[in-house]
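Down below is the structure, laid out as structure tokens.
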Amino acid sequence: MTNKGLKFKPTIYKKSDGTEVVFQVNDSTRIDMIITELHAIYAREQKRDLMALHLPYEAPELLLEAIGLLERATEWGEPTDDGLCGEPPLTMAEMHSTVWKEHQEAHR
């Protein structure tokens with residue numbers, strides 16, 4: 001069986017004057033489409049009888065994990081403290097005053 005891949009066709013709108021406007025599918029939208037498809041696969045697999053599964057027994061849990069990871073990949077939110085290595089963020093004024101104090105100490 002060959003893998004044909006997902007087809008992400010651009011959306012084409014026809015304006016009233018007959019011209020066409022083509023909207024390409026960006027990567028975030030592609031991931032959203034993949035998430036939607038994974039949800040559909042999960043729902044179909046959950047409805048099947050245990051003896052008629054199309055995927056391995058542990059696949060639904062793995063699908064949910066993949067969905068969660070993909071959703072995290074497309075989230076736009078405030079940065080968390082995880083990337084700050086435990087240090088609180090500094091304002092520019094705080095950074096400037098710290099460097100100025102170090103500069104003054106170096107010239108004593």
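Tell me, which residue of segment 18-74 that is under 14 Å from the mean Cα position of the chain (by Cα) and not in a helix (DSSP H, G or I) is modelled with the lowest pLDDT? So the residue we want is Asn26. Each residue in segment 22-61 was checked for being farther than 24 Å from Arg72 by Cα and loosely packed, with under 10 Cβ neighbours inside 10 Å, and 9 pass.
The values are calculated or read from the model by the stated rules, or taken from the named source; none is laboratory data. These figures come from a predicted structure and were not determined experimentally. Because the Cβ atoms are built from the backbone with ideal geometry, glycine has one as well, and the counts that use them run over all protein chains shown.
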